[in-house]
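The values are calculated or read from the model by the stated rules, or taken from the named source; none is laboratory data. Note that the structure is a prediction, hence the values are computed from the model and not measured. Backbone-built Cβ (ideal geometry, glycine too); neighbour counts: all protein chains shown. Just the protein is used for accessible areas: all its heavy atoms, side chains included, with ligands, DNA and RNA removed. Shrake-Rupley method; radii C 1.70, N 1.55, O 1.52, S 1.80 Å.
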Amino acid sequence: MATLEIRDLHVTVEADNATKEILKGVDLTVKQGETHAIMGPNGSGKSTLAYSLAGHPKYTITEGTVLLDGEDVLAMSVDERARAGLFLAMQYPVEVPGVSVSNFLRSSATAIRGEAPKLRTWVKEVKETMERLHMDQSFAERNVNEGFSGGEKKRHEILQLELLKPKIAILDETDSGLDVDALRIVSEGVNRVRETGEVGTMLITHYTRILRYIKPDYVHVFSGGRIVESGGAELADKLEDEGYEAYTKGGASA
Ligand SMILES: Nc1ncnc2c1ncn2[C@@H]1O[C@H](COP(=O)(O)OP(=O)(O)OP(=O)(O)O)[C@@H](O)[C@H]1O
Ligand SMILES: [Mg+2]
């Protein structure tokens, strides 16, 4: 079973000619097959964690380690991270002008598998996955994220997740801006991937709404650039009732 191990991760960004420490010692272990919900107030550093794992150049790792099956993720290029089995779905996904969804998916799958998927089975796989996500087939011919509505972006993420079958998936606010039906459809996609037992998921979210559909094995509270409490699914209910105040008092938040 693949394991992602984040140890004492410290990350800074350059903003207004100053260096600001955003992550202040994150510790987290995610194994294939497990679902972890990361919850926490605005600005606590959740997306920074996702970007840092993705290898975004704006974020400087100053301390700590990230290992995937013992391999040093931080030493890998962005492509190498994807090939090693890391999948990152961003809170604000980028547009890729001139590249259709269909081509994008196929070249991603080729990069990750090390060989191009066989065209006939691939086309069928894409078509069936899109149907399950209630996506119109014409969507495959559109340019990646160009003019996609919020909900379409999220479905596109789950389409990638289902087709690329990573070892560890990091989903940053996959639930934001989804209507009730889309939330259910997207959740079902995440659950299908989960049921394979082969994907470990880090689900960054603000709402326990999505956790009604996707039952996390673990819930972590993120505050002030680190994980300050961990528990089971019941912790999400407590957060819904009580908020984050207990964790942010005394300016502990970022
Ligand atoms: N590229 C950047 N330049 C300057 N500041 C940044 C940058 N990235 C993150 N920050 C700052 O780091 C802090 C954490 O931001 P981050 O986006 O990680 O929070 P978050 O927990 O994802 O919040 P939200 O719940 O609102 O999505 C914020 O104060 C933010 O302004
Ligand atoms: Mg965020």
Are any residues in the range 56-73 under 17 Å from the mean Cα position of the chain (by Cα) and under 21 Å from GLY114 (Cα atoms), and if so, which ones?
-> LEU68, VAL73
Spot the failing condition for LEU171; the list is (1) within 16 Å of ligand 1 (Cβ to nearest atom); (2) free of Cβ contacts under 8 Å to residues at least 12 places away in the same chain, and only one is missed.
-> (2)
Name the pairs whose Cβ atoms lie under 6 Å apart, with the first residue in the range 105-127 and among the hydrophobic types (A, V, I, L, M, F, W, C), the second surrounded by 15 or more Cβ atoms within 10 Å (Cβ to Cβ) and part of a loop (DSSP other than H, G, I, E, B), and 6 or more positions between them or separate chains?
-> ALA109/PRO117
Could you tell me which of the residues THR19, THR35 is open to solvent by 30 Å² or more (accessible area, probe 1.4 Å), more than 9 Å from ligand 1 (Cβ to nearest atom) and either in contact (Cβ under 8 Å) with a residue 24 or more places away in the chain or out of contact with any helix residue (DSSP H, G or I) (no Cβ under 6 Å at 6 or more places or on another chain) (or both)?
-> THR19
Output the number of the condition that GLY197 fails; it satisfies all remaining conditions of (1) closer than 29 Å to GLU80 by Cα; (2) open to solvent by 70 Å² or more (accessible area, probe 1.4 Å).
-> (2)
Which listed residue is open to solvent by 10 Å² or more (accessible area, probe 1.4 Å), more than 13 Å from VAL11 (Cβ to Cβ) and within 11 Å of ligand 1 (Cβ to nearest atom), from GLY43, GLY70 = GLY43
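Residues checked against (1) aliphatic (A, V, I, L, M); (2) modelled with pLDDT of 90 or more; (3) not in a helix (DSSP H, G or I):
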| site | (1), (2), (3) |
| --- | --- |
| ALA50 | yes, yes, no |
| ARG83 | no, no, no |
| PRO97 | no, no, yes |
| TRP122 | no, yes, no |
| THR129 | no, yes, no |
Note on SER149: of the conditions (1) touching a residue at least 12 places away in the same chain (Cβ under 8 Å); (2) out of contact with any Phe, Trp or Tyr (no Cβ under 8 Å at 6 or more places or on another chain); (3) among the polar types (S, T, N, Q), unmet is (1)
